[in-house]
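Below is one structure, written out as structure tokens; the observations come after it.
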Amino acid sequence: MKPDNYTYTSPYIEELLGYTPKEVIGQTFFSLMPGEERARLLTIFKDHIKKQRIFSGIEHTNLHKNGNIVTLESNGSPIYSIEGQFIGYRGIHRDITEQARTKKIIIEKEIAEQANKSKSEFLANMSHELRTPMHAILSFSNFGIKKFNSAPPEKLLSYFNKINQSGERLLALLNDLLDLSKLEAGKLEFNFRLFELSLVLKQCIDEQEAQLNEKNLRIKFINSEHNTQAQFDTVKISQVITNFLSNAIKFSEQGTTLSIEIKADELFSDAGISNGLCLSITDQGIGIPDNELDTIFDKFIQSSKTKTGAGGTGLGLAICKEFIDAHHGRIWAEHNPEGGSIFNFVIPIQQSQKN
Ligand code: ADP
């Protein structure tokens, strides 16, 4: 019997899910859940099992025998054999369907309000992001026109450089918008091929060398000596890494360290468990408040710590999430216990045949 199979349930299970204890024993905790929920819970439990932690107050949806969705809250403690081997959990489920329904209505209302607010903030940010480089292009080209005969060549070169940088900034913004609209229309193509993730990472770091040097940031590689081959779209994944890196640089203090790691990991999905590669970038920067770690991946959202004045539109991470979703992977941010943030993604080593 596997650790997640029911070996005992009280008769109360029939009231909760419509099944008799006899029907439930032998099934896994996850087999009585809808597909998507199964993958979500497996991801949560993998972590608990690995760390041999108790779980408390975990909410999940289950399928009642009559087809209805029931929300349960589960609490449980791990049990170990005499030899200390993890053999399963002992715990209880509680029906919280009604509370969950009320909570969902409140959350949906908050999300709608937040979406409205985000849109206004986005429009304000976007006008700023468009206007600033546009102004720079117009003023420096004007200087150039006026001083064409009188200014020394170095001065003219500095004008050209400023015009060029602003043009690049505008192009990056327009590319983000274009990617997003193509993603939304399902028109962005993905070209999956077998490649070394560490090579793509190296190239992204090389491209950011000037920005890293400017802030005197040190890169520390953790656990870098292993196979990092996987099937992925090199262009899209390098865009994700570049976005992680440029944010880490942007939100770090001078002279701090960015730690970068690629390691083997697992992914849980409807189809089961698959092997993956996890890339993490840890910075010692300003960090992200705990309650915003998920929302920063939404379109147009910036964390409350950086909303004022940091620049940016809040599109980069939303695009990264879409890219990683298209790879059937997982992307998330964490709090760095030593201060700062950790940005991670896992992609499967092999893409399914469907791609
Ligand atoms: P942008 O940086 O253009 O605003 P992103 O989608 O890349 O857009 O990032 C969204 C927000 O997430 C940022 O504005 C910032 O508030 C927060 N963020 C991203 N990376 C970090 C980081 N490494 N440290 C702190 N905050 C971050």
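Nothing in this text is a laboratory measurement; each read-out follows from the coordinates by a stated rule. For clarity, every value in this text was computed on a predicted model and none was experimentally measured. A quick note on method: Cβ atoms are made from the backbone with ideal geometry, for glycine too, and the neighbour counts reach across all protein chains shown.
So which GluC sites (Glu not before Pro) in the range 31-105 end up in coil per DSSP with only 12 or fewer other C-beta atoms within 10 Å?
Filter output for the range 31-105: E83.
Which net charge results when you count Lys and Arg as +1 and Asp and Glu as -1 among the other residues whose beta-carbon is under 14 Å from that of G18? Show your work: numbers first, answer last.
Numbers: positive: K22, K65; negative: E14, E15, E23, D95.
Neighbourhood net charge equals -2.
What percent does the relative contact order of the range 278-345 come to when contacts are Cα pairs within less than 8 Å and at least six residues apart? Write down the numbers at each step before the final one.
Details: 104 pairs, mean separation 32.4, N = 68.
Relative contact order here is 48 percent.
Calculate, for S77 and E261, the FRET efficiency according to 1/(1 + (r/R0)^6) with r their C-beta to C-beta distance and R0 25 Å; round to the nearest 0.05. The partial results should precede the final answer.
Details: r = 31 Å, r/R0 = 1.26.
Here the calculated transfer efficiency is 0.20.
How many Å³ per residue does the convex hull of the Cα positions in the range 193-348 occupy?
Working: hull volume 17.7 nm³, N = 156.
Considering the Cα atoms of the range 193-348, their hull volume per residue is 113 Å³.
Count the lysine pairs in the range 104-185 whose Cα atoms sit under 27 Å apart, keeping only pairs 8 or more residues apart in sequence or on different chains.
Count of close lysine pairs: 10.
For the chain, modelled as a GNM with alpha-carbon contacts under 10 angstrom, which of E261, E168, E292 fluctuates the most?
So, out of E261, E168, E292, the one fluctuating most is E168.
Given a cut-off of under 8 Å on Cα pairs at least six residues apart, what relative contact order in percent is computed for the range 193-348? Each step should come with its number before you reach the end.
On the way: 294 pairs, mean separation 36.8, N = 156.
Across the range 193-348, relative contact order equals 24 percent.
Could you please report the charge total around I260, scoring K, R as +1 and D, E as -1 over all other residues with beta-carbon less than 12 angstrom from its beta-carbon?
Around I260, the charge tally is +2.
Can you give the FRET efficiency for M126 and F190, using 1/(1 + (r/R0)^6), R0 = 30 Å, r = Cβ-Cβ distance, to the nearest 0.05?
Details: r = 27 Å, r/R0 = 0.90.
Calculated value: 0.65.
Do you know the relative contact order of the range 12-95, to the nearest whole percent, from alpha carbon pairs under 8 angstrom that are 6+ apart? Please report the intermediate quantities before stating the final value.
On the way: 112 pairs, mean separation 19.8, N = 84.
Worked out over the range 12-95, it gives 24 percent.
Mind scanning K46/K263; K202/K321; K202/K250; K202/K299 and naming the pairs with a C-alpha gap bigger than 25 Å? Before the final figure, lay out each step's value.
Numbers: K46/K263 16 Å; K202/K321 21 Å; K202/K250 19 Å; K202/K299 28 Å.
Beyond 25 Å between Cα atoms: K202/K299.
Determine ³J(HN,Hα), in whole Hz, for all residues of the range 204-217 in sequence, where each value follows from phi through the Karplus function 6.51 cos²θ - 1.76 cosθ + 1.60 and θ = phi - 60°; x replaces Gly and Pro.
Listing the rounded values in order: 5, 5, 4, 5, 9, 4, 4, 5, 5, 5, 4, 9, 6, 8 Hz.
Only Cα pairs within less than 10 Å get springs; with that Gaussian network setup on the chain, which residue of T102, T61, T306 has the largest fluctuation?
Comparing T102, T61, T306 in a Gaussian network model of the chain, the most mobile one is T102.
Counting only Cα atoms, I'd like the Rg/Rh figure for the chain, Kirkwood definition for Rh. Numbers along the way, then the final one.
On the way: Rg = 24.9 Å, Rh = 23.7 Å.
Taking Rh as the inverse mean 1/r over Cα pairs, Rg/Rh reads 1.05.
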